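Chemist: Sending over a structure as structure tokens; questions will come in a sec.
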Amino acid sequence: MRILIAEDDEVLSDGLCRSMRQSGYAVDCVKDGQAANTILSGEQPFDLVILDLGLPKVDGFSVLKGLREKNRQVPVIILTARDAEEDRVKGLDLGADDYMIKPFSLPELEARVRALIRRGQCGVNPVYNCGTLAFDSVGRRAMINGETLDLTTRELSVLEALMSRIGWVISKEQLLERLYSYSEEASSNAIEVYIHRLRKKIEPAGVTIRTIRGLGYIIDKVSTTHG
Ligand code: CA
């Protein structure tokens, strides 16, 4: 899950980025509307945008308007000041999905992020199964026979990427994109380490992660037949 945070208040922006990353999202932060437009028109789609309306250079309304005009349906949460009811109305009219009034509590914002992501997955079963291994993409946990596995946020992200596309090869680059935002230093060796740890943890489910040389990884049940 990739989230874009467009907020010019350094303290708020840093706090948001940190807490979203701790929750396992790949987060990019921009500090003005122009940068938001640039990154939003890039190749990598975002799963959610947290957008401050009062941004330098290009305001949040214009960013939102531009996004909807390009028919990008990414969920957007706008951030507004307490006394700006008009702004909230305008933001919602322009196609924002939700809003938060500053100052807000981080746990509440995170709950709204989860709700929007869940709504975005409407009609799709948010629980993926492979053998006795289950991945709940809304609750962000992996289970074997109902027992929650002890996984780090990065391990969860790798497993989610694999479980959401069972039967498909996921390349190392795709995993890196899921795990790291543009600003973070990404290493493909790290992916190998996560895969190695995950294999051990999911082994009891009779599931493994196969390496497809030169292509990537695929999650699959361990074959019980010999030869
Ligand atoms: Ca602002």
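The values are calculated or read from the model by the stated rules, or taken from the named source; none is laboratory data. All values derive from a computational prediction rather than experimental measurement. FYI the Cβ positions are ideal-geometry reconstructions off the backbone, even for glycines, and counts take in every protein chain you see.
Chemist: Mind counting the residues in region 5-48 that are part of a strand (DSSP E or B) and more than 15 Å from the ligand (Cβ to nearest atom)?
Modeler: Matching residues across region 5-48 total 4.
Chemist: Can you tell me which residue in region 60-71 is modelled with the lowest pLDDT, limited to those that are away from the ligand (no atom under 16 Å from the Cβ) and either polar (S, T, N, Q) or out of contact with any Leu (no Cβ under 7 Å at 6 or more places or on another chain) (or both)?
Modeler: Asn71
Chemist: So which residues in region 72-91 are within 17 Å of Ile5 (Cβ to Cβ) and within 16 Å of the ligand (Cβ to nearest atom), if there are any at all?
Modeler: Val76, Ile77, Ile78, Leu79, Thr80, Gly91, listed by residue number.
Chemist: Name the residue that is nearest to the ligand (Cβ to nearest atom), counting only residues in region 49-59 that are of a type outside the set (Lys, Arg) and part of a loop (DSSP other than H, G, I, E, B).
Modeler: Step by step, filter region 49-59, then rank; the result is Gly54.
Chemist: Quick check on region 40-59. Is at least one of its residues polar (S, T, N, Q) and at pLDDT 95 or above?
Modeler: Within region 40-59 (the criterion being polar (S, T, N, Q) and at pLDDT 95 or above), the answer is no, since none of the residues qualifies.
Chemist: Which condition from (1) surrounded by fewer than 22 Cβ atoms within 10 Å (Cβ to Cβ); (2) out of contact with any helix residue (DSSP H, G or I) (no Cβ under 7 Å at 6 or more places or on another chain) is the one that Tyr25 breaks?
Modeler: (1) is the only condition that Tyr25 fails.
Chemist: If we keep just the residues of region 39-58 that are loosely packed, with under 13 Cβ neighbours inside 10 Å and under 22 Å from the mean Cα position of the chain (by Cα), which is farthest from Ala26 (Cα to Cα)?
Modeler: Step by step, filter region 39-58, then rank; the result is Ser41.
Chemist: Looking only at region 214-221, decide whether some residue is among the aromatic types (Phe, Trp, Tyr), touching a residue at least 24 places away in the same chain (Cβ under 8 Å), surrounded by 18 or more Cβ atoms within 10 Å (Cβ to Cβ) and part of a strand (DSSP E or B).
Modeler: Yes: region 214-221 contains one or more residues that are among the aromatic types (Phe, Trp, Tyr), touching a residue at least 24 places away in the same chain (Cβ under 8 Å), surrounded by 18 or more Cβ atoms within 10 Å (Cβ to Cβ) and part of a strand (DSSP E or B).
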